[in-house]
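The values are calculated or read from the model by the stated rules, or taken from the named source; none is laboratory data. All figures in this text were calculated on a predicted structure; none of them were measured in a lab. Glycine gets a Cβ as well: all are built from the backbone with ideal geometry, and neighbour counts include every protein chain shown. Quick note on the areas: whole protein, heavy atoms, side chains included, nothing else; ligands and nucleic acids left out. Shrake-Rupley method; radii C 1.70, N 1.55, O 1.52, S 1.80 Å.
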Amino acid sequence: TGPASSVATYKELLKHFKKEVWVIPVLIASGIIILILTIYEIFLLAKAVNKNPSRRHLFLGQMLLAGLLACSGMAVVHTLLPTNVTCAVIRLGTGLAYSLVYSTLLVQLVFLISLNSGVYLPASSQSLLLSFAILIQLVIGVQWLVSAPPDVAHLPLTPGSTEGTLITCATLFKQQLLGLLYVVFLILVVVLLSFKSRGVRENYREAMYVGLTIGFTVAIWIVWILAGFIVPTRYQDVCSA
């Protein structure tokens, strides 16, 4: 009965996921990323126990890791069957996960620029700046959910066809992008600050690495947004994921 019960449990679990070919690869990729980040987090905490690291570095590092974990978690949510709850989580959580990552990079660059000019930005000011940057996206997401409650739509697989329907969130790909306009603003600000701080050598040339990261980020965003407009509706979720 052991193998039979395992198969039944596996089938019961699969009922909660979309019946698309891209679901398993996305789940595997997200699982690997979450595992790597978790191992890295344990490593950092083990190092912090034996030493007395700067609270600023520890705080911003933890926020960045939390944002990356949240992004991986949102990719998993995209693979679940659409319900009012999952659609709400996607609309609210995607923007929050992104804003947490880019707000952390923004605060770090502001700190490096101020440090290079001879002004030390205390940890309390950094925490406030990070909190306000994230709260703006939270307010935008909540207002969107209140003004347009999440819903599930049944769309034809091909325009004008009645052979099968696609169950998806009623929020269109374009609408989801509009909900990320503030995140795009954060990315643009980080890009501008990266150019301004490209010559800063404090913290082992950390500004240079942030600049390289945001450069790759812009390239990836352009690719998945263009892909989302080109592919059929049933594959737009994998672009977001």
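I want to check the label-to-label distance for Phe185 and Val142. Put each point 7 Å from Cα in the C-beta direction and report it in nm to one decimal.
1.7 nm
Based solely on C-alpha atoms, express the radius of gyration and the Dmax of segment 83-241 in angstrom.
Over segment 83-241's Cα set, Rg and Dmax evaluate to 19.1, 67 Å.
Using +1 at the C-beta of Lys and Arg and -1 at the C-beta of Asp and Glu, which of Pro232, Gly199, Leu212 has the Cα lying farthest in the positive direction of the dipole of segment 160-241?
With unit charges placed on the Cβ atoms, the residue in question is Gly199.
Could I have the simple spin-label model distance between Gln175 and Met208, label points 7 Å from Cα toward Cβ, reported in nm to one decimal?
4.7 nm
Between Glu20 and Lys47, what is 0.36 nm times their sequence separation minus the Cα-Cα distance? Round to one decimal in nm.
Value of the extension gain: 5.5 nm.
Considering the chain, which cysteines have no disulfide-compatible partner, defined as another cysteine with its Cβ under 4.7 Å away?
For the chain, the answer is Cys71, Cys239, because their Cβ atoms have no other cysteine Cβ under 4.7 Å.
Please list Ile32, Ile187, Ile140, Ile134 in order of solvent-accessible area, largest first, computed with a 1.4 Å probe with all protein chains present.
Largest accessible area first, the list is Ile32, Ile140, Ile134, Ile187.
Can you spot the lysines whose alpha carbon is less than 23 Å from Lys18's alpha carbon? Ignore those fewer than 8 places along the same chain.
Correct list for Lys18: Lys174.
Measure nothing fancy, just the Cα-based angle from helix 202-230's long axis to the longest principal axis of the chain, in degrees from 0 to 90, nearest 10.
20 degrees
If a/c stays under 1.5 just call it rounded; otherwise compare a/b with b/c (prolate if a/b is bigger, oblate if not). Do that for segment 39-142, with a ≥ b ≥ c from the square roots of the Cα gyration tensor eigenvalues.
Taking the square roots of the gyration eigenvalues as a ≥ b ≥ c, segment 39-142 is oblate.
At R0 = 22 Å, how high is the FRET efficiency between His154 and Leu80 if r is their beta carbon distance? Nearest 0.05 is fine.
0.85
Among Ala70, Val23, Leu129, which residue has its Cα furthest toward the positive end of the charge dipole of the chain, with +1 on Lys/Arg Cβ and -1 on Asp/Glu Cβ?
Leu129
Could you work out which residue, out of Leu92, Leu14, Leu177, moves most in a Gaussian network model of the chain, that is, has the largest mean-square fluctuation with Cα springs under 10 Å?
Among Leu92, Leu14, Leu177, the largest mean-square fluctuation in the Gaussian network model of the chain belongs to Leu14.
Is there a quick way to get the dipole size of the chain? I mean about its Cα centre, with the Cβ of Lys and Arg at +1 and of Asp and Glu at -1; what is the value in debye to the nearest 20?
Value, rounded to 20: 500 debye.
Once fully extended, how much extra length lies between Leu13 and Phe59, figured as 0.36 nm per residue of separation less the alpha-carbon to alpha-carbon distance?
Values: separation 46, 0.36 × 46 = 16.56 nm, distance 3.64 nm.
Additional length available on full extension: 12.9 nm.
Return one number: the angle in degrees, 0 to 90 and rounded to the nearest 10, between the long axis of the Cα atoms of helix 23-50 and the longest principal axis of the Cα atoms of the chain.
Helix 23-50 sits at roughly 30 degrees to that axis.
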